[in-house]
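Notes follow the structure.
Only the coordinates and a few stated rules stand behind these numbers; no lab work does. Keep in mind that this is a model prediction, so the values were computed, not measured. Glycine also receives a Cβ, built like all others from the backbone with ideal geometry; neighbour counts cover every protein chain displayed.
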Amino acid sequence: MDLVPRLKNEAIHEWFDRLPGSVGIGNVRYTTSGKCDDASIIDGTQPVAACSGRIKLALSFNGNIVNTLPLKKEMGENFSDFYFNCDSDVVCHKLLLGLKQGKNLESAVRSVMESLDGAFSVTGLTGDGDFFAFKDPHGIKPLCAGHDPAGATYAFCSETVGLDMNSFIRDFELNPGELVTASKDGFKRIQIIQNPRPAFCAFEYAYFARPDSRFDGKYVYEIREDFGRNIVKEFPEIVRDSDIIMSVPETGDDPAMGVHEESGLRWERASRRHRYVTERAFILLNTERFSTIDKKINILGSKVDGKRVIVTEDSVVRGDTTKVIIDKLRRAGAKKVYVFVTFPRIIGPCFYGIDMSTYGQLIGSKHNVQEIAKIIGADGVCYQSIEALVNATGQKENELCMACITGKYPTPCAQKMADAMKKRFLEGYEEKSRIYETEEVQP
Ligand code: SF4
């Protein structure tokens, strides 16, 4: 789990011996479902496997299931040995249930797509060696397919960068609601559900995806540069009141280039990231987060002393990462600090696999822009507008999920739970767990 380890040659051969066969799936993502203690997180590592009689299934997915609680009950009623750790067990068993009932893969996948609310980009294997992938009907998370130059190997990958790094050729991005099987004869594409409302995660463009991945033929880093240009156009008066730009590495780097090109201001590489501190501050517990940010980012004092600085950031979720950086800049002598944020103000939780799953943890759910600036210690916070973000992605507004910045969720269960919890939250209710795992707001 987490970063893919560098394997030595001998280790790779050892794994080859332990895993005979010609198909395989893997996953290094931590789950956003189930218990949060270390043991449960390790237990929830994917892929998951399950069997019923002679039917065997292994499955790996990116995303998050919203209606896990009722599905958990259903799976418990259908499988006497059902063990629930997190949502991936539910996805796997729901598919297994269809196969157990005699459905072929297509109709078993249809039944998964029709009963699961949430985001799921899935890869899987059956005991008979079928290798397949499918995406939820909204296509919230990415998943692409490709092959090696010899045409001997076929692959699915969350992002194109995984194909590039293995010298594979990208063939296509899976459509929302599509099932693709891969065999020695190549890919077979079957549109299981035609959904008129795709909803690709807009946060992938600003934060989650690697900058060297491509969506619709465009590198993510190019889109991030456009984000930077957009903020310059939207806040000219702030640009006039600034001397230099710097970024919060690394997701702030590409927007900083855009800000630099559009404004003509010098981009000082005044923040440096520790090469060996690799934890993502975003996913750590509160106490760990502060010290990790402190260790991870160093400020080059002489570059900012006496300067009015624009800092480019991908997003402000809790606000504490940015607060630490601003504090360091002040201590280094920065005269003014403005923050340019490429992802618009996050006002609501994500139900689809980004671990910001309560209103309480989001600074933007209870504070306006001026208040946020005050809390994090900035002279100004300038968010890119939603309209500018959409234009830069090349998508249409109704093709993206922007639920966490608009409050409009593409799936019905998520919308109901978000609305129910928002009402309680505004009345002073204190959230104790992820919203989709809170009994009181289950539809
Ligand atoms: S709610 Fe936000 S982070 Fe979650 S999938 Fe939608 S756009 Fe992405």
Within the stretch 159-178, find all residues whose amide N lies under 14 Å from a label point positioned 7 Å from the Cα of W15 along Cα-to-beta-carbon.
166
Have a look at F131, F84, H367 and report the one farthest towards the positive end of the charge dipole of the chain, computed about the Cα centre with Cβ charges (Lys/Arg +1, Asp/Glu -1).
H367
Picking from P236, S52, M417, whose Cα lies most toward the positive end of the charge dipole for the chain (charges on Cβ: Lys, Arg +1; Asp, Glu -1)?
P236
Determine, for S385, S365, S22, the number of other Cβ atoms within 10 Å of each Cβ, and report the residues in order from fewest to most.
S22, S385, S365
Computed E for E114/D2 - FRET, C-beta separation, R0 25 angstrom, nearest 0.05:
0.15
Taking the dipole about the Cα centre of the chain, with the C-beta of Lys and Arg at +1 and of Asp and Glu at -1, give me whichever of G301, I65, V381 is farthest to the positive side.
G301
Show log10 I(q)/I(0) for the chain at q = 0.10 Å⁻¹, two decimals, from a solvent-free Debye sum over equal Cα scatterers.
-0.75
Trypsin sites (Lys or Arg not before Pro) restricted to the stretch 318-399 and DSSP loop, no more than 13 other C-beta within 10 Å
K396
What FRET efficiency comes out for V28 versus A49 if R0 is 22 angstrom and r is the Cβ-Cβ distance? Round to the nearest 0.05.
0.85
In the stretch 127-191, GluC sites (Glu not before Pro) in a DSSP loop with at most 11 other beta-carbon atoms within 10 Å:
none
What are the ³J(HN,Hα) values, in whole Hz, obtained from phi via the Karplus relation 6.51 cos²θ - 1.76 cosθ + 1.60 with θ = phi - 60°, for each residue of the stretch 108-116 in sequence order, with x given for Gly and Pro?
5, 5, 4, 5, 5, 4, 7, 9, 8
About the Cα centre, and with charges only on the beta carbon of Lys, Arg (+1) and Asp, Glu (-1), how big is the dipole of the stretch 1-85? Nearest 20 debye, please.
220 debye
Given Cβ point charges of +1 (Lys, Arg) and -1 (Asp, Glu) and nothing else, what value in debye, to the nearest 20, does the dipole of the chain about its Cα centre take?
700 debye
Segment K416-Q101, length gained on full extension (0.36 nm per residue, minus Cα span):
110.3 nm
Computed on Cα atoms, the radius of gyration and Dmax of the stretch 288-443 in angstrom are 17.4, 56
Going 7 Å from the Cα of D81 along its beta-carbon direction, which residues of the stretch 32-53 have the amide nitrogen within less than 11 Å of the resulting point?
50-53
For E439, E74, E268, which order do you get if you count the other beta carbons within 10 Å of each Cβ and list the fewest first?
E439, E74, E268
Could you work out Rg/(2.2 N^0.38 Å) for the stretch 63-195, with Rg from alpha carbons only?
1.08
Return the percentage of antiparallel bridges among DSSP beta bridges fully within the chain, rounded to the nearest 5 %.
70 percent
Going residue by residue through the stretch 341-352, the Karplus relation 6.51 cos²θ - 1.76 cosθ + 1.60 with θ = phi - 60° gives ³J(HN,Hα) values, rounded to whole Hz and with x marking Gly or Pro, of 10, 6, 8, x, 4, 7, 10, x, x, 9, 9, 10
Rg to Rh, two decimals, where the stretch 31-106 supplies the alpha carbon set and Rh follows Kirkwood
0.95
What aspartates and glutamates does K307 reach when the alpha-carbon gap must be under 15 Å and sequence neighbours fewer than 8 apart in one chain are set aside?
D241, D243, E268, D327, D379
So for R0 = 22 Å, FRET eff. of S302-D327 from the Cβ-Cβ r, to 0.05, ends up at 0.75
Ranked by Cβ crowding within 10 angstrom, fewest neighbours first, how are H93, H260 ordered?
H260, H93
Nearest 20 debye, what's the magnitude of the dipole of the stretch 284-443 about its Cα centre given +1 on Lys and Arg Cβ and -1 on Asp and Glu Cβ?
720 debye
